[in-house]
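Structure in structure tokens, see below.
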Amino acid sequence: MQTYDCIVVGAGIEGSSTAYNLVKNGQDTLLLEQFPLPHSRGSSHGQSRITRMAYGGDDYYTEMMIEAYKLWEELENESGTTLYKKTGLLAVGKTGSDLIDGTMQSLRKYSIPYTELDGRTLRLKYPMLDYPEDFVGVEDHSGGVLFADKSLAAFQSEFVKHGGILHDNEPMIDVYPGDIVTVKTNKGSYRGRNLVLTVGPWATKVLPSLGVHLPLKTLRISVLYWKEKTPGIYGAETFPIFLEDYAIGEYDIYGLPSLEYPGLYKMCLHSGPEIDPDRRDDADSTWVIDNVKQFVAKHFPCLEQHPAIIETCIYTNTPDHDFVLDRHRDWKNIVIGAGFSGHGFKLSPVVGKVLSELVMQKTPSYQLSHFRIDRFNK
Ligand SMILES: Cc1cc2nc3c(=O)[nH]c(=O)nc-3n(C[C@H](O)[C@H](O)[C@H](O)COP(=O)(O)OP(=O)(O)OC[C@H]3O[C@@H](n4cnc5c(N)ncnc54)[C@H](O)[C@@H]3O)c2cc1C
């Protein structure tokens with residue numbers, strides 16, 4: 001039986017990027033996915049994701065984002081596919097809010113172009129928003145939209161083009177650690193010198209069998225599209241990505257310009273009910289939709305007040321919202337990427353690079369202390 005250099009389990013954006021990085025470094029790699037591809041049951045499907053440089057006070061993410069932008073561009077060139085549209089990003093909040101202060105601090109520190117908007121200018125520049133004058137804005141000119149499904153497909157097709165083996169519709173059902181790891185699926189057994197587990201929301205089910213108990217919460221996220229009263233008023237040519245923290249009580253709201261479905265603006269709550277990923281659609285999301293309706297009615301006067309389309313996706317959150325990028329405590333040839341906490345898409349090219357470095361026993365390109373598993377024991 002062939003022994004792969006690495007088996008990657010989970011072909012979401014993080015596993016696909018890792019597999020792509022491994023194969024580009026000459027590693028014989030098998031990528032396994034439980035569902036037929038493409039699928040919409042995990043966290044990486046859909047048309048769009050937000051990308052931006054500024055990351056509040058968390059400079060370690062901004063530093064990774066600087067490289068992520070370059071790596072996205074490389075993937076665009078290699079695959080001959082447009083994956084990114086620059087729209088800019090508008091953060092809105094009261095003067096001194098965490099989002100406004102954190103965004104400006106980070107943009108200033110890394111010399112990323114931005115524009116500060118006082119209350120009056122915010123109202124003049126964005127008449128399609130309705131905010132009182134004590135709300136201000138910051139425009140992060142690096143912000144934009146990543147085309148999610150296209151990005152996922154690009155990683156997977158480049159992986160295969162470079163000689164990687166991709167099996168979909170083949171769940172891992174058991175794993176036997178050791179110097180050579182054996183992975184059992186519904187169709188057979190495979191041997192690998194290394195194993196990467198990037199199983200998204202299923203980390204809560206897969207990792208405990210290896211003695212790894214992460215404090216993860218899986219949340220059902222309602223992806224809501226709202227009809228513009230005047231088509232294109234919140235379109236990508238004129239209206240940026242939108243963010244407001246603590247927009248409704250403790251919840252943040254984010255919006256993406258009408259782009260993928262013409263005339264429909266995407267606006268979501270950055271939270272949702274806790275779920276079992278295998279029973280995602282059992283949860284009641286009425287409170288989520290009601291909260292966003294209330295927000296739309298208050299601040300987006302040019303949108304209809306009922307969602308026109310509702311799609312569903314899953315967040316896998318850690319308590320501190322930092323990712324897990326680490327090796328297994330006992331089996332160093334098992335690498336874990338998990339807990340991407342609703343912000344892992346934009347960083348996936350760097351995540352894949354770092355996880356592949358852990359597999360290849362190279363010094364990781366970034367300091368990984370924020371991402372260690374043992375931080376949860378402290
Ligand atoms: C609505 C929504 C909006 C988001 N917006 C943004 C954003 O604007 N910007 C941003 O940066 N991030 C965003 N994110 C977060 C980002 O999309 C996720 O962090 C990222 O997709 C996580 O990818 P993943 O590979 O870890 O998980 P997944 O995509 O879920 O991939 C895991 C894969 O593993 C497979 N798998 C599981 N168990 C097994 C098994 N036993 N055998 C084989 N395969 C298995 C699953 O089927 C799945 O395909 C958003 C997420 C959601 C849900």
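The values are calculated or read from the model by the stated rules, or taken from the named source; none is laboratory data. All of these numbers come straight from a predicted model, not from anything done at the bench. Keep in mind that these areas ignore ligands, DNA and RNA; they rest on the heavy atoms of the full protein, side chains included. Shrake-Rupley method; radii C 1.70, N 1.55, O 1.52, S 1.80 Å.
Averaged per residue, what accessible area in Å² does region 299-378 show with a 1.4 Å probe, protein chains only?
Working: 3280 Å² over 80 residues.
The answer is 41 Å² per residue.
Quick one, could you list the DSSP H helices from the chain stretching 15 Å or more along their long axis (Cα atoms) with average Kyte-Doolittle hydropathy of 0.0 or above? Let's see the in-between values first.
On the way: long enough: 13-24 (16 Å, -0.05); 59-79 (30 Å, -0.98); 98-109 (16 Å, -0.57); 148-161 (20 Å, -0.06); 286-299 (20 Å, -0.10); 348-359 (16 Å, 1.12).
The answer, listed by residue number, is 348-359.
Then there's this: For a quick check: with amide H placed at 1.01 Å from N, whose amide H comes under 5 Å from Ala308's, ignoring anything fewer than 5 positions away on the same chain?
Counting only residues 5 or more places away or on other chains, the set is Tyr225, Trp226, Lys227.
Here's a follow-up. ³J(HN,Hα) across region 224-240 via Karplus (A = 6.51, B = -1.76, C = 1.60, θ = phi - 60°), whole Hz, x for Gly/Pro?
10, 10, 10, 6, 6, 5, 10, x, x, 5, 10, x, 5, 7, 10, 10, x
Rounded to the nearest percent, how much of the accessible area of the chain (1.4 Å probe, protein heavy atoms only) is carbon and sulfur?
Numbers: 7740 of 15710 Å².
Percent of accessible area from carbon and sulfur atoms in the chain: 49.
Here's another thing I want to ask about it. In deg cm²/dmol and to the nearest 500, what is the mean residue ellipticity at 222 nm of the chain if only DSSP H runs of at least 4 residues count, each as -39500 (n - 2.57), divided by the residue total? Walk me through the numbers on the way to the answer.
On the way: 8 runs with 96 residues, N = 378.
Counting only the DSSP helices, I get -8000 deg cm²/dmol.
Still on this structure, I have one more. Which of Leu355, Leu124, Leu107 moves the most in a Gaussian network model of the chain with Cα springs under 10 Å?
Comparing Leu355, Leu124, Leu107 in a Gaussian network model of the chain, the most mobile one is Leu124.
For the chain, what is the percent of antiparallel DSSP beta bridges, rounded to the nearest 5?
70
Oh, and also: Using protein chains only and a probe of 1.4 angstrom, how many square angstrom of Lys86 are accessible, to the nearest 10?
So the heavy atoms of Lys86 present about 130 Å² to solvent.
Another one. Could you tell me the accessible area of His213 in Å² (1.4 Å probe, neighbours in place), rounded to the nearest ten?
Accessible area, nearest 10 Å²: 140 Å².
Counting DSSP beta bridges with both partners in region 195-350, what percentage is antiparallel, nearest 5? Walk me through the intermediate numbers first.
On the way: 27 of 31 bridges.
Among the beta bridges of region 195-350, antiparallel pairing accounts for roughly 85 percent.
Tell me the per residue accessible area of region 1-125 using a 1.4 Å probe; a whole number in Å² is fine.
On the way: 5300 Å² over 125 residues.
Value returned for region 1-125: 42 Å² of accessible area per residue.
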